[in-house]
Amino acid sequence: MKIGIVGCGGTMGRLLVQEVVAAEDCALSGGTGRPGSPLIGRDVTEQAGLKPSDLIVADDAEALFQASDAVIDLSVASAAPRHAELAAIHGVALVHGTSGLDAAQQGAVEAAAGRTAVVQSSSMSIGVNLMLELTEQVAGVLDDDYDIEIVELFHRNKADAPSGTSLALGRAAAAGRGGDLDALAIYERDGEIGPRPDGAIGFAVLRGGDSPGEHTVIFAGAGERIEIAHKASSRAIYTLGAVAAARWAVGKPAGLYSMRDVLGLA
Amino acid sequence: MGRLLVQEVARTPGCAVGGGTGRPGSAIIGRDVAEGAGMAVTADGEALFAACDVVIDFSVASVAAESAALAARHGVPLVLGTSGIGTEDQAAIAAAGSRTAIVQPVNTSLGMNVVFALVKRAAAALGTDYDIEILGQQHRKKVDAPSGATLALARAAAAGREVDLGQVEQRGRRGAIGPRPAGAIGMATVSGGDLSVIHTVFFAGTGERLELTHRGTSRAIYTRGAVVAARWALGRPPGLYSMADVLGLA
């Protein structure tokens, strides 16, 4: 299976190149960089810290899509429409993991999904996506007697809070209860907070050290509690998941899929 | 457990204690089942089943088959929470299950049963790249290990992977154990103090791990689950059911 990487010179792009090269059943078909980038013309694998190949970083993605069974895009939102269009034209499976798409960019991705298989997810980690599913399931089974709290720990440089994953977990919990997170969320506790409101979904944010991300969802009932925890120790989990999604998407009918589909959890 | 069940039923809206039995010859016979209930403890199972909509038996394995037979004869649903039932008695219980609804939970805690379902699902979704390890933490007075819950979690994981637990389980590591075999399901036990009972299933992959934990801090979780099962069983067609059926997790 031939997998191409757009934006192969970024942090995630280089990790993706390493992941595809390491996968026994996959071959790297090439990589692209931003037009004008000093990476253009360099060796795709060498710039990712591996042995050189005969693949050169290109500034146009058309040839890459022609040479690939699947293409992974964890690059930038602005490139999403062009990559989606190329995937559709060439009938190539697309794995799209960029967040922060505007409505037009999202529309382009969805339009491409009418013509080829597109897997779109803001977290490509297999473990996180399974956790989302399990959280929704537990929230659906246990009622308000079980208080839901979400705790995260991230490295000291993470600038936003709560994390996108914490918010996704909160939405999954709210969906399981048939509620809306906006109405249930407690993002801060400070001072005279009073008793905990029934049915609330609480968040607590910790920052420190170099952790690439730990999340725990707690269902605290009378006499017992359930905890679902995910602990990342490497950013490679995101690239591992993206490659798993690419492998899954090749040969699938046109459509917009999520990591949950990839995991058989939809 | 019996006394806790009486309290649980008494405080559950929509439920009333229909009676209670004790071992023949026990000093408890003739005393009030519950304070102010106006019912004496008897040794007469027949009368109990005749008087109740549903019966809960958490007593001893030796009477399980008899309870099941009484349930079948009176068409009364039964929640049977005893463990260690022999093969012959289990066959009799299964036969009774063709005539009335019998819920036979491995563990009646709602939370633990949710965790069983989560473990099975996670094991099915994650490949053998994710090593499964189960850690049970128990108080110092517990005399057997691994705990029944640890074994049930291991069975749930094996079921999710569609393998036979006996072929893949690893217990009691010591010495030059060598690399971990792919696909193994490991179990370990910590014992001490009066710890609340904690069970964690680890799915340890490359660069990430998922941990599913149940913490029990009160025995009331077992009696509460038993009453939930009893209410669920009322009006069910005959059959042998699990807590997963009760919770819609099967």
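The values are calculated or read from the model by the stated rules, or taken from the named source; none is laboratory data. As the structure is a computational prediction, the values presented were derived from the model and not from experiment. Neighbour counts run over all protein chains shown; Cβ positions are idealised from the backbone, glycine included. Remember, those area values only see protein heavy atoms, side chains included, never the ligands or the DNA or RNA. Shrake-Rupley method; radii C 1.70, N 1.55, O 1.52, S 1.80 Å.
Could you identify the single residue in A:GLY241, A:GLY255 that is more than 14 Å from chain B (Cβ to nearest Cβ), touching a residue at least 60 places away in the same chain (Cβ under 8 Å) and not aliphatic (A, V, I, L, M)?
Numbers: A:GLY241 fails: more than 14 Å from chain B (Cβ to nearest Cβ).
Among A:GLY241, A:GLY255, only A:GLY255 is more than 14 Å from chain B (Cβ to nearest Cβ), touching a residue at least 60 places away in the same chain (Cβ under 8 Å) and not aliphatic (A, V, I, L, M).
For the range A:100-147, what are the residues that are more than 10 Å from chain B (Cβ to nearest Cβ), under 30 Å from A:ALA200 (Cβ atoms) and outside any loop (DSSP other than H, G, I, E, B)?
Answer for the range A:100-147, where residues must be more than 10 Å from chain B (Cβ to nearest Cβ), under 30 Å from A:ALA200 (Cβ atoms) and outside any loop (DSSP other than H, G, I, E, B): A:LEU132, A:GLU136, A:ALA139, A:ASP147.
Condition check ((1) open to solvent by less than 10 Å² (accessible area, probe 1.4 Å); (2) free of Cβ contacts under 8 Å to residues at least 40 places away in the same chain; (3) within 18 Å of A:ILE126 (Cα to Cα); (4) out of contact with any Cys (no Cβ under 7 Å at 6 or more places or on another chain)) across all residues:
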| position | (1), (2), (3), (4) |
| --- | --- |
| A:HIS155 | no, no, no, yes |
| A:ARG177 | no, yes, no, yes |
| A:LEU184 | no, yes, no, yes |
| A:ALA200 | yes, no, no, yes |
| A:ARG207 | no, no, no, yes |
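If we only count helices (runs of 4 or more DSSP H) wholly inside the range A:148-261, which ones have 1 or more residues that are basic (Lys, Arg) and within 29 Å of B:TYR130 (Cα to Cα)? First the steps, then the outcome.
Numbers: elements: A:164-176, A:181-184, A:236-249.
Passing ranges, in order: A:164-176, A:236-249.
Taking the options B:ARG231, B:ARG236, B:ARG215, name whichever one is facing chain A (nearest Cβ under 9 Å) and farther than 30 Å from A:MET124 by Cβ. Break it down into steps so the answer makes sense when it comes.
Values: B:ARG231 fails: facing chain A (nearest Cβ under 9 Å); B:ARG236 fails: facing chain A (nearest Cβ under 9 Å).
Checking each option against the conditions leaves just B:ARG215.
For A:GLY36, are the conditions met, namely being in the same structural domain as A:LEU64 (by TED's automatic domain parsing) and within 18 Å of A:SER68 (Cβ to Cβ)?
Working: in the same structural domain as A:LEU64 (by TED's automatic domain parsing): yes; within 18 Å of A:SER68 (Cβ to Cβ): no.
In short, no.
For the condition modelled with pLDDT under 95, over 18 Å from B:ALA149 (Cβ atoms) and buried (at least 21 other Cβ atoms within 10 Å of the Cβ), what is the one hit in B:ALA96, B:ALA101, B:ALA71, B:ALA125?
Numbers: B:ALA96 fails: modelled with pLDDT under 95; B:ALA101 fails: modelled with pLDDT under 95; B:ALA71 fails: modelled with pLDDT under 95.
Sole residue among the options that is modelled with pLDDT under 95, over 18 Å from B:ALA149 (Cβ atoms) and buried (at least 21 other Cβ atoms within 10 Å of the Cβ): B:ALA125.
Determine whether B:GLY175 is farther than 22 Å from B:THR12 by Cβ, open to solvent by 30 Å² or more (accessible area, probe 1.4 Å), at pLDDT 95 or above and in the same structural domain as B:LEU135 (by TED's automatic domain parsing). First the steps, then the outcome.
Values: farther than 22 Å from B:THR12 by Cβ: yes; open to solvent by 30 Å² or more (accessible area, probe 1.4 Å): yes; at pLDDT 95 or above: no; in the same structural domain as B:LEU135 (by TED's automatic domain parsing): yes.
No.
Limited to the range A:106-130, what total is found for residues that are within 25 Å of A:ILE237 (Cβ to Cβ) and either of a type in the set (Val, Ile, Thr) or open to solvent by 30 Å² or more (accessible area, probe 1.4 Å) (or both)?
Adding up the residues that qualify gives 8.
Can you tell me which of (1) closer than 27 Å to A:ILE226 by Cβ; (2) buried (at least 18 other Cβ atoms within 10 Å of the Cβ) is the one B:PHE49 doesn't meet?
In the conditions (1) closer than 27 Å to A:ILE226 by Cβ; (2) buried (at least 18 other Cβ atoms within 10 Å of the Cβ), B:PHE49 misses (1) alone.
Could we say that A:PHE219 is modelled with pLDDT of 95 or more, closer than 26 Å to B:GLY216 by Cβ and touching a Pro at 6+ places or on another chain (Cβ under 7 Å) here?
Working: modelled with pLDDT of 95 or more: yes; closer than 26 Å to B:GLY216 by Cβ: yes; touching a Pro at 6+ places or on another chain (Cβ under 7 Å): no.
Criteria not met by A:PHE219.
Of the residues that make up the range B:134-152, is at least one at pLDDT 95 or above and charged (D, E, K, R)?
no
Return only the number of the condition from (1) within 11 Å of another protein chain (Cβ to nearest Cβ); (2) farther than 24 Å from B:ILE56 by Cβ; (3) touching a strand residue (DSSP E or B) at 6+ places or on another chain (Cβ under 8 Å) that B:ILE221 does not satisfy.
Going through (1) within 11 Å of another protein chain (Cβ to nearest Cβ); (2) farther than 24 Å from B:ILE56 by Cβ; (3) touching a strand residue (DSSP E or B) at 6+ places or on another chain (Cβ under 8 Å) one by one, B:ILE221 breaks only (2).
State the number of residues belonging to the range B:46-75 that are of a type in the set (Val, Ile, Thr) and in contact (Cβ under 8 Å) with a residue 24 or more places away in the chain. Let's see the steps before the verdict.
So the first thing to find is which residues in the range B:46-75 are of a type in the set (Val, Ile, Thr), and the list is B:54-56, B:60, B:63.
After this cut, where a residue has to be in contact (Cβ under 8 Å) with a residue 24 or more places away in the chain as well, the list is B:54-56.
Of the residues in the range B:46-75, 3 are of a type in the set (Val, Ile, Thr) and in contact (Cβ under 8 Å) with a residue 24 or more places away in the chain.
Only one residue in B:GLY183, B:GLY175, B:GLY248 is within 14 Å of chain A (Cβ to nearest Cβ) and part of a loop (DSSP other than H, G, I, E, B), so which one is that?
On inspection, the qualifying residue turns out to be B:GLY248.
Just one of (1) facing chain B (nearest Cβ under 7 Å); (2) open to solvent by 40 Å² or more (accessible area, probe 1.4 Å) trips up A:GLU224, so point out which.
A:GLU224 satisfies every listed condition except (2).
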